[in-house]
Amino acid sequence: MPNRPPNAERSFIMIKPDGVQRNLIGKIVGRFEDRGYKIVAMKMVHATTEHLEKHYADLKGKPFFPGLIKYMASGPVCAFVIQGLDAVKTGRAMLGATNPLASAVGTIRGDYCLVTGRNICHGSDAVESAEHEIALWFPEGVIEYEDTEHAWIYEN
Ligand code: IDP
Ligand code: MG
């Protein structure tokens, strides 16, 4: 369990195949950039079913699991890592609820989609799962760099 400073918490965010096909990459990534989060890793991946079964291992056995894997393997995803204060919880808040119809307007799911099985984006649900997901999707590691806006986003 890494002990990262609060300003450097990380979350794994993924634009799912529907979000990629609907040309929403720029808008979704832009929301995290605009909020003040730093992108420390990003890539397009057409994931295998084996990889996706690892990512969603906690959902194995759910009735929707086969459909979820098929959906997630149907095209490329845009996987990235945001870094900043409260990245996991605030990242989830920015995504909205799992069911887009229950998502507040102004959230990503609340603004861009309608059904749970096509909810366009993923975000880690805890710091521990974020670290696990980042290691799964970015075994090569993330990029450490100085953000010139840092002093305009944080007090210290
Ligand atoms: P989350 O993505 O908000 O964390 P989870 O419960 O972890 O939600 O489920 C993972 C993904 O599985 C959801 O984002 C959604 O794409 C899909 N999913 C969850 N529940 C259902 C369902 O009842 N029907 C179809 N797909 C579902
Ligand atoms: Mg989840």
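The table for this structure:
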quantity: Relative contact order computed over the chain (Cα-Cα under 8 Å; 6+ residues apart), in percent; calculated: 35 percent
quantity: Using a Förster distance of 41 Å, the FRET efficiency for Lys62-Ile153 (Cβ separation, nearest 0.05); calculated: 0.60
quantity: Residue-normalised accessible area of the chain, expressed per residue, 1.4 Å probe, Å²; calculated: 54 Å²
quantity: Reachable lysines from Lys62, criterion Cα separation under 24 angstrom, eight or more residues apart if same chain; calculated: Lys16, Lys54, Lys70
quantity: Viscosity 0.890 mPa s, temperature 25 °C, Stokes-Einstein D of the chain from Kirkwood C-alpha radius, µm²/s; calculated: 154 µm²/s
quantity: Computed [θ] at 222 nm, helices only, for the chain once each DSSP H run of length n ≥ 4 contributes -39500 (n - 2.57); calculated: -10000 deg cm²/dmol
quantity: Order of exposure, largest accessible area first, which applies to Trp137, Trp152 with probe 1.4 Å; calculated: Trp152, Trp137
quantity: Order of exposure, largest accessible area first, which applies to Leu85, Leu114 with probe 1.4 Å; calculated: Leu114, Leu85
quantity: Gyration tensor over alpha-carbon atoms, region 78-135, equivalent ellipsoid semi-axes in Å; calculated: 21, 12, 9
quantity: Stretchable slack from Lys54 to Ile25, in nm (0.36 nm times residue separation minus alpha-carbon distance); calculated: 8.1 nm
quantity: Under-5 Å amide H pairs with Cys121, H placed in peptide plane, nonlocal only; calculated: Lys16
quantity: Nearest-ten-degree value, helix 25-35 long axis tilted from longest Cα axis of the chain; calculated: 40 degrees
quantity: Cα centroid separation - region 102-119 against region 16-32, whole Å; calculated: 13 Å
quantity: Hydrodynamic radius by Kirkwood, which averages 1/r over all alpha carbon pairs of region 15-84, in angstrom; calculated: 13.1 Å
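The values are calculated or read from the model by the stated rules, or taken from the named source; none is laboratory data. Remember, it's a predicted structure, so these values are computed and weren't measured experimentally. Positions of Cβ are backbone-derived with ideal geometry, glycine not excepted, and every protein chain shown enters the neighbour counts. Areas reflect the complete protein model, heavy atoms only, side chains present, ligands, DNA and RNA absent. Shrake-Rupley method; radii C 1.70, N 1.55, O 1.52, S 1.80 Å.
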